[in-house]
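Asks: Here it is, the structure in full.
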Amino acid sequence: MQNNNKISVVTINYNNPLGLNKTIESVVSQTFKDFEYIVIDGGSKVEDVSIIKSYQNHINYWVSEPDKGIYNAMNKGIKVATGDFIIFINSGDNFTDSKVLEEVQSKLTSDFDIYYGDYYRIKSNSKRRKSYPAKLSFSFFYSGSLPHPATFFRRSLLNKIFFYNESYKIVSDWEFYIYAICHKNVKYYYLKTAISDFDFTGISSNPKFNEIERLERKKVLEKYFPAFVEDYEKVSLLNSKR
């Protein structure tokens, strides 16, 4: 049976012309063309906007205006998207190859609400594949999360659960996934394929933000899973001593 689920690819960007150009080129070069493409720019310099305009025939919706941060921009993208499933390929990231959407789109059915695959972790001098388990446990979310550039989630989930918490700097997508999967028992499926190359130079990958991330995760656990806060503190302490 043919799958008619529509995909929305969303890119957020702020003052990253080289990364933005690479990302857009990766998206518009997909062999599968029947998807929606949205670019949310945070009011960047002229160079970024000119890049977006040069590809505007391939972009269904774009805007360049100041925002209140990463998650505010991501929420903007979600709210204008019309696809059944959304994936974020943000500025600096790219699909692993031109056939990713062609290979994945037929697998996105009504059976599951979250589909996730692997990604390649790109640093200045290395490229390493990050693989994920087919079964996601609560303990997985203690130190891990699903990667936004390798995860397709059903757009309607945000209305049923909640949009990204714009008061957090790092963990709002983690909050969404741990709550959806571990509290709401949302059905998920592991795609067993590499989806994207993830630019590992962003805020969540910067060691100086580790403490912010730890405190934000603790707040989420205190709010939704208070019985596990003490365990999380023990795990964090062990990880910090490695």
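The values are calculated or read from the model by the stated rules, or taken from the named source; none is laboratory data. Quick caveat, the model's predicted, so the values are computed rather than measured. Cβ coordinates were reconstructed from backbone atoms using ideal geometry, including for glycine residues, and neighbour counts include every protein chain displayed. When the accessible area is computed, the model is the full protein with side chains, heavy atoms only, and any ligands, DNA or RNA have been set aside. Shrake-Rupley method; radii C 1.70, N 1.55, O 1.52, S 1.80 Å.
Asks: Could you tell me which residue of the stretch 110-147 is farthest from E213 (Cα to Cα), considering only residues that are more than 18 Å from the chain's Cα centre (by Cα) and among the polar types (S, T, N, Q)?
Replies: The qualifying residue farthest from E213 (Cα to Cα) is S110.
Asks: Ok, one more. Checking Y177 against (1) touching a strand residue (DSSP E or B) at 6+ places or on another chain (Cβ under 7 Å); (2) within 29 Å of S44 (Cβ to Cβ); (3) open to solvent by less than 70 Å² (accessible area, probe 1.4 Å), only one condition comes out false. Which one?
Replies: Status for Y177: all satisfied but (1).
Asks: Might you check whether a residue that is farther than 16 Å from E36 by Cα and either open to solvent by less than 50 Å² (accessible area, probe 1.4 Å) or under 12 Å from the mean Cα position of the chain (by Cα) (or both) occurs anywhere in the stretch 99-108?
Replies: no
Asks: One residue is enough: does the stretch 126-142 have a residue meeting the conditions closer than 27 Å to D41 by Cβ and of a type in the set (S, T, N, Q)?
Replies: So far as the stretch 126-142 goes, no, none of its residues is closer than 27 Å to D41 by Cβ and of a type in the set (S, T, N, Q).
Asks: Which one of G92, G83 is open to solvent by less than 30 Å² (accessible area, probe 1.4 Å), touching a helix residue (DSSP H, G or I) at 6+ places or on another chain (Cβ under 6 Å) and in a loop (DSSP other than H, G, I, E, B)?
Replies: None of the others qualify; the one that does is G92.
Asks: Please list, ordered by first then second residue, the pairs with beta carbon atoms under 7 Å, 6 or more apart or interchain, first in the stretch 1-28 and closer than 19 Å to S106 by Cα and at pLDDT below 95, second assigned to a helix (DSSP H, G or I) and open to solvent by 20 Å² or more (accessible area, probe 1.4 Å).
Replies: Pairs found: N3/Q105; N3/S106.
Asks: Would you confirm whether or not the stretch 120-137 contains a residue that is open to solvent by less than 30 Å² (accessible area, probe 1.4 Å) and free of Cβ contacts under 8 Å to residues at least 40 places away in the same chain? Walk me through how you get there before you give the answer.
Replies: First, the residues of the stretch 120-137 that are open to solvent by less than 30 Å² (accessible area, probe 1.4 Å): 132, 136.
Filter once more, so that each one left must be free of Cβ contacts under 8 Å to residues at least 40 places away in the same chain: none.
Within the stretch 120-137, none of the residues are open to solvent by less than 30 Å² (accessible area, probe 1.4 Å) and free of Cβ contacts under 8 Å to residues at least 40 places away in the same chain.
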